[in-house]
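Only one structure is covered here, and it is reproduced in the block below.
The values are calculated or read from the model by the stated rules, or taken from the named source; none is laboratory data. Everything numeric here is computed off the predicted structure, so don't read it as measured data. Reconstructed Cβ throughout: ideal geometry from the backbone, glycine too, with neighbour counts over all protein chains shown.
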């Protein structure tokens, strides 16, 4: 499934590239104001940081929320105390778009993450051109040389790469490229099975000084408490925020992670 999702995202990027060539997207990326300091926003603190996600649907859960105005959703997240806003830009299965990211970036003063299946330079440049401050790189979807190249490009553009792993080997690969932000996804993107305890088993593998993010399986405050106790600096939350009152949910999650 991960391979299919990545291939589809690349195919869609190739279609956009036929209308807006790489040189034009690169120029637009370089013309953006400097990216916001995501590392500072996610740095370890006395309570958990929350990456709040604008997410309409997923392959495992289907439709979650219509979200006709992603900018409004993001403003609620900012009001509720989120540290970073994640925007799913994949269109086929998650029903997102780069226009969602552009709208969110214009609406909030927080760092914004482009969450997608990124596998080439064009996608990294268009992330920055759309205003992204962070970009997701999934280790399992990338050969090591590609991971290293895209990680370096994101840094060169001023963005913070969030490097996602699902095993000890993948954490080692993330560390090998110098990742400063490593996420452990409780959802296996090949099977979509969830393992909430995966983060706790792998956290000691993440190098000291790295921001440690727990992703997926965050539905109730107890999940945040669990991840915080396991050593998470931040949690990434989508479904719970788009299917409930986002401000009240964020408040409960932040309290649980203090």
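Residue-by-condition table, conditions (1) assigned to a helix (DSSP H, G or I); (2) farther than 24 Å from residue 140 by Cβ:
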position: 3; (1), (2): yes, no
position: 29; (1), (2): yes, yes
position: 36; (1), (2): no, yes
position: 39; (1), (2): yes, no
position: 92; (1), (2): no, no
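Is it fair to say residue 155 is modelled with pLDDT of 95 or more and crowded, with 18+ Cβ neighbours inside 10 Å? So that I can check it myself, show each step before the final result.
Numbers: modelled with pLDDT of 95 or more: yes; crowded, with 18+ Cβ neighbours inside 10 Å: no.
No; evaluated as a whole, the condition is false for this residue.
Looking across region 228-253, the residues that are more than 26 Å from residue 63 (Cα to Cα) and in contact with a strand residue (DSSP E or B) (Cβ under 9 Å, 6 or more places away or on another chain) come down to 228, 230, 231, 232, 233. Residue 71 passes every criterion in (1) assigned to a loop (DSSP other than H, G, I, E, B); (2) in contact with a helix residue (DSSP H, G or I) (Cβ under 7 Å, 6 or more places away or on another chain) apart from (1).
Counting the residues of region 181-239 that are more than 15 Å from residue 166 (Cα to Cα), touching a residue at least 40 places away in the same chain (Cβ under 8 Å), touching a helix residue (DSSP H, G or I) at 6+ places or on another chain (Cβ under 6 Å) and surrounded by fewer than 24 Cβ atoms within 10 Å (Cβ to Cβ) gives 1.
Of all residues in region 112-132, those satisfying the criterion of being under 13 Å from residue 150 (Cα atoms) and assigned to a loop (DSSP other than H, G, I, E, B) are 117, 118, 119, 120. The set of residues from region 149-170 being in contact (Cβ under 8 Å) with a residue 40 or more places away in the chain and farther than 18 Å from residue 213 by Cβ comprises 157, 158.
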